[in-house]
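Notes for the one structure printed next.
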Ligand SMILES: NC(=O)c1ccc[n+]([C@@H]2O[C@H](COP(=O)([O-])OP(=O)(O)OC[C@H]3O[C@@H](n4cnc5c(N)ncnc54)[C@H](OP(=O)(O)O)[C@@H]3O)[C@@H](O)[C@H]2O)c1
């Protein structure tokens, strides 16, 4: 897809991987609309030339708020990037409110936004839907059951939706980041990919009309999984 003159919506585009995707789409000539909650981040994105919309996508009402602001706008690219961990430690009681929010933000919100924006996307000459999942969508780890479940659900939804839309103008892309250096991974100590490098691989996948952006180490996970799902699961569960 030629990005120039396209209009892109990037959820969670005010920080981390989403902000870098937004910047790189802008650098390729797109008009970019980002959404998030924090006013300071939204203001900073606006200062960079993005249109910034405030919405909390962890509920249906929040998704509706964003959709209302996008109604009638010609959207070519939808990047469902906003996510949260919703994890709980070993033996800790499960915080059900946080669990529901995490499932909604990671899984339901992309479905709500795709559902609402699909007629508009189908009317464009070329369009793309990018769902940001995770390497953990391929094989879960033991530390984040809720997150892994939501991301695996989004991966499955994405695979099915791609088939569903195969004869349409819409490219359905899944982006699977590895561990990336953002606020979400602040407590992790291992080597992390930069958000800028991760976003570059995702934007390259949009440009090249790829089905998947298996970013960094996820390429290796994907290969191991294709040879032996059991081995990939055994390694990842300890991760
Ligand atoms: N970092 C990693 O290692 C990693 C690995 C694999 C996959 N991923 C996935 O990549 C995506 C981006 O992750 P990241 O690490 O860049 O996250 P991040 O640095 O924590 O940024 C999250 C972005 O989403 C926004 N956001 C959070 N909760 C929101 C809500 N309820 N409604 C609307 N916006 C919300 C944040 O802004 P506000 O807080 O202002 O709302 C921010 O712009 C996520 O889907 C994540 O699961 C990340």
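Readers should treat all values here as calculations from the given coordinates under stated rules, not as data from a laboratory. Since we're looking at a predicted model, the values are computed, not measured.
Miscellaneous remarks
- Dividing the Cα radius of gyration of segment 27-106 by its Kirkwood radius returns 1.06 for Rg/Rh.
- Calculated [θ] (222 nm, deg cm²/dmol) that DSSP helices of n ≥ 4 give over the chain, each run adding -39,500 (n - 2.57): -13500 deg cm²/dmol
- Measuring nothing but how far apart in sequence close Cα pairs (under 8 Å, 6+ apart) lie, relative to its length, segment 7-236 scores a relative contact order of 19 percent.
- Two-decimal ratio, segment 7-236, of alpha-carbon radius of gyration to 2.2 N^0.38 Å: 0.97
- The chain: angle of helix 218-227 to the longest principal axis, Cα-based, in degrees nearest 10: 60
- Cα gyration tensor shape of segment 171-239, rounded if a/c is under 1.5, else prolate or oblate by comparing a/b with b/c: oblate
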